[in-house]
């Protein structure tokens, strides 16, 4: 997805500041958000790609000024409302509750999760590999070029890698296609490859010499490409 939500990032926002000895959670509510996301995802209320696309639809200004787990909160709330798991009125009521009582524990507004998870509840996203429905189009060593696409929805093809030449480094089998899975169009499994790019192909002459970048890309992102002579 183009814009500030592009998974490859954007130029012009300064360096990434690394926090020394950064804790897993900076505030208690972040741990609660982590638990909500893992429980709702593991419980099958939405899939991983729907979750990612929920975050991608945040207001850009809000996205840029908020932190990691606030992105999760916004995205999960959006998806759960869209799927009818919670009502917008319920969400608004709970938001108003905690706005007026910022120190109230979560249990004051919602019931706690059961001590024993329901049968079938999984805490991790299920594996994405699926049986292949057709032979892979490319083999290791094949030259490829990524498609120069600009979808309005979810995609795992970063903008900086579009229209770039690379070489198939490895085949990963057939996996759920995020671009369809995020939009309720089914898993539509596609061949997945590790593609090797020369850093100069991605970043131009300013890239360090003899450096390569490896990106996992689905077959619909790729077209045959002749090697440069």
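The values are calculated or read from the model by the stated rules, or taken from the named source; none is laboratory data. No experiment lies behind these values; they were computed from the predicted model shown. Using ideal geometry, Cβ is built from the backbone for each residue, glycine included, and neighbour counts are taken over all protein chains shown.
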Point to revise | Test result for residue 53, in a helix (DSSP H, G or I), touching a residue at least 12 places away in the same chain (Cβ under 8 Å) and either assigned by TED's automatic domain parsing to the domain that holds residue 184 or surrounded by fewer than 17 Cβ atoms within 10 Å (Cβ to Cβ) (or both) | key: no
Point to revise | Scan of segment 176-192 for residues that are touching a helix residue (DSSP H, G or I) at 6+ places or on another chain (Cβ under 7 Å) and not in a loop (DSSP other than H, G, I, E, B), ordered by number | key: 178, 181, 190, 191
Practice item. Just name the residue that is surrounded by the most Cβ atoms within 10 Å (Cβ to Cβ) out of those in segment 157-175 that are part of a loop (DSSP other than H, G, I, E, B) and touching a strand residue (DSSP E or B) at 6+ places or on another chain (Cβ under 7 Å). Key: 157
Revision key, fill the gap. Over segment 82-119, the set of residues over 19 Å from residue 31 (Cα atoms) and modelled with pLDDT under 55 is 118
Check your understanding: Are any of the residues in segment 10-17 within 17 Å of the chain's Cα centre (by Cα), closer than 30 Å to residue 157 by Cα and in a helix (DSSP H, G or I)?
Key -> no
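Among 74, 92, which is the only one that is in a helix (DSSP H, G or I), over 20 Å from residue 10 (Cα atoms) and under 16 Å from the mean Cα position of the chain (by Cα)? So that I can check it myself, show each step before the final result.
Working: 92 fails: under 16 Å from the mean Cα position of the chain (by Cα).
The conditions single out 74.
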Revision key, fill the gap. Of the residues in segment 208-225, those that are exposed (fewer than 15 other Cβ atoms within 10 Å of the Cβ) and outside any strand (DSSP E or B) come to 208, 209, 210, 211
Review point. Residues in segment 128-138: is at least one in the same structural domain as residue 181 (by TED's automatic domain parsing), at pLDDT 95 or above, over 26 Å from the mean Cα position of the chain (by Cα) and in a loop (DSSP other than H, G, I, E, B)?
Key: yes
Point to revise | Cβ pairs under 7 Å, 6+ apart, first in segment 31-43 and outside the structural domain of residue 76 (by TED's automatic domain parsing), second part of a helix (DSSP H, G or I) | key: none
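Closer than 26 Å to residue 180 by Cα, in contact with a helix residue (DSSP H, G or I) (Cβ under 7 Å, 6 or more places away or on another chain) and loosely packed, with under 15 Cβ neighbours inside 10 Å - does that describe any residue in segment 21-30? Show your work before the answer.
First, pick out the residues of segment 21-30 that are closer than 26 Å to residue 180 by Cα: none.
Looking through segment 21-30, none of the residues is closer than 26 Å to residue 180 by Cα, in contact with a helix residue (DSSP H, G or I) (Cβ under 7 Å, 6 or more places away or on another chain) and loosely packed, with under 15 Cβ neighbours inside 10 Å.
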**Study point:** The one condition in (1) on the phi < 0 side of the Ramachandran plot; (2) exposed (fewer than 15 other Cβ atoms within 10 Å of the Cβ); (3) in a loop (DSSP other than H, G, I, E, B) that residue 61 fails to fulfil
**Key:** (3)
